[in-house]
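Before any comments, here is the structure.
The values are calculated or read from the model by the stated rules, or taken from the named source; none is laboratory data. Only a predicted model underlies this, so the values are computations on that prediction, with no experimental measurement involved. Backbone-built Cβ (ideal geometry, glycine too); neighbour counts: all protein chains shown.
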Amino acid sequence: MESMRIVEANPFFYPFRGGIEHRMHITSKLLAKRGHEVTILTSRLPGTEEVEETDDGYTIVRVPSRYINIYNPPYVISRKVLDTLEDIDPDIVNYNYRWAPSFDSDVSHYHGKKVFTYHNMWGEGVGLTGRISEINDNRYRKRLMRYDHIIAVSDCVRDDLIRRDVPAEMITTISNCLETFPELSEEEGDFILNLGRMVGTKGLDYLVEAMRDVDYKLIMCGKGPESKRIAKMIRKYGLEDRIEMRGWVSEEEKERLMGTCKFFVMPSIYESYGIAASEALSYGKPIVCTDVDGLPGNVKDAGYYVKPKDSKGLAHAINDLLADEDKRKELSENALKVVHEFTWDDQISKIEKLYSSILDSTRC
């Protein structure tokens, strides 16, 4: 396949870490390994270099930016995005975000071929955040239609876009998946685990409510705007002896916790895919989760499903799985089968072929 000059654009990248940034890193590394020239265009976080050559074969270019820390991720205002894109002059751009007006506008006005990767559900959010997200997505529709193609990270995201009258032929599902798989340990601790960003869409308040009826230890890892409220709920219900909030944990500690937990709990209200679920599955861990959006398609028959916002149902599911060792073993075996169904070797080939077909249509 002919080498391509590719730009992955997103207001955030390492050292800021999240699901989008992780996917960008993996795809950029694998595309570079296949001989393509890959540049990540992002905002310049304090303490980072303007241009950085990585050991993974791609280049990071960071534009001048200002941050307002009112949420996680923060609001970012960047300069020279379009000018920098035009200087790089890539064959194709893949943009990954829709809540940063400076990036949104400049990338959508790039003259060359461009793809948009849709990582979240339309209007994703709860309360005021959900209403603002819905307004933003409705306004973003006009810009979305300027792209040559849309990549959805799950069939659920693709179907949701089609319901919003985005043409089906314009959307291709290229799923998230894992690049590597861990060594499995026979060690098992006496705790269940929740890990991820502490935001309203994760349904963590329903998990705390559920733990009032569960006599077992829960470890919660992550940080975000909901952290203080969740800690306050734990104190209010006197659950400090059952729920331990660890905050942000290192990659090594995350791996240890996932490898030794009894099972993983994911009470999300929205979840377009759930990369944390895939990571838990890779350790052979069953998952108690809600039957929302992309989670059933990701977890499949390795999950014990409950309705969202149902703390009583969540408590019942957790207690059932704690009491049923045979069920846990069955779901554990299923987990290892499910997580190996998709690999990045397959998915990166789909990205290559999609980009190539978009460029070939121009040459014709």
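Before moving on, here are some points about what is shown:
- Filtered by the rule that a residue be touching a strand residue (DSSP E or B) at 6+ places or on another chain (Cβ under 6 Å) and part of a helix (DSSP H, G or I), the stretch 86-102 gives Ile88, Ser102.
- Search result, residues across the stretch 236-288 that are basic (Lys, Arg) and not in a loop (DSSP other than H, G, I, E, B): Lys236, Arg246, Lys254, Arg256
- Which numbered condition Glu183 misses (of (1) in contact with a Gly (Cβ under 9 Å, 6 or more places away or on another chain); (2) among the acidic types (Asp, Glu); (3) assigned by TED's automatic domain parsing to the domain that holds His109): (3)
- Residue match in the stretch 67-85 (condition: in contact with a Gly (Cβ under 9 Å, 6 or more places away or on another chain), part of a helix (DSSP H, G or I) and either of a type in the set (A, V, I, L, M) or surrounded by fewer than 18 Cβ atoms within 10 Å (Cβ to Cβ) (or both)): yes
- Matching option when the condition is loosely packed, with under 14 Cβ neighbours inside 10 Å, touching a strand residue (DSSP E or B) at 6+ places or on another chain (Cβ under 9 Å) and not in a strand (DSSP E or B), among Asp320, Asp345: Asp320
- Qualifying residues in the stretch 19-29 (those that are surrounded by fewer than 22 Cβ atoms within 10 Å (Cβ to Cβ) and not β-branched (Val, Ile, Thr)) - the one modelled with the lowest pLDDT: Gly19
- Within the stretch 39-64, the set of residues being part of a strand (DSSP E or B), closer than 17 Å to Leu82 by Cα and not hydrophobic (A, V, I, L, M, F, W, C) comprises Thr39, Thr42, Ser43, Arg62.
- Cβ-Cβ distances below 7 Å connect the following pairs, each with a first residue in the stretch 272-287 that is over 22 Å from Asp159 (Cβ atoms), a second residue that is among the basic types (Lys, Arg), and a separation of six or more residues or different chains: Pro286/Arg328.
- Residues that are among the charged types (D, E, K, R) and touching a residue at least 24 places away in the same chain (Cβ under 8 Å) within the stretch 63-91 comprise Glu86, Asp89, Asp91, listed in sequence order.
- Just one of the numbered conditions (1) in contact with a strand residue (DSSP E or B) (Cβ under 6 Å, 6 or more places away or on another chain); (2) touching a residue at least 60 places away in the same chain (Cβ under 8 Å); (3) not assigned by TED's automatic domain parsing to the domain that holds Asn94 is not true of Ala315: (1).
- Only one of the numbered conditions (1) surrounded by fewer than 16 Cβ atoms within 10 Å (Cβ to Cβ); (2) at pLDDT 95 or above; (3) over 26 Å from Trp344 (Cα atoms) is violated by Ile234, and that is (1).
- Qualifying residue in the stretch 113-127 (condition: under 30 Å from Met211 (Cα atoms), surrounded by fewer than 19 Cβ atoms within 10 Å (Cβ to Cβ), of a type outside the set (D, E, K, R) and in contact with a helix residue (DSSP H, G or I) (Cβ under 6 Å, 6 or more places away or on another chain)): yes
- Contact map, the stretch 343-355: residues that are in the same structural domain as Pro90 (by TED's automatic domain parsing) paired with residues that are aliphatic (A, V, I, L, M) and assigned to a loop (DSSP other than H, G, I, E, B), Cβ distance under 7 Å, separation 6+ or inter-chain. Pairs shown: Gln347/Ile174; Lys350/Ile174; Ile351/Ile174; Glu352/Met1; Tyr355/Met4.
- The sole residue among Asp215, Asp190 that is in contact with a helix residue (DSSP H, G or I) (Cβ under 9 Å, 6 or more places away or on another chain), of a type outside the set (A, V, I, L, M, F, W, C) and either at pLDDT 90 or above or crowded, with 20+ Cβ neighbours inside 10 Å (or both) is Asp215.
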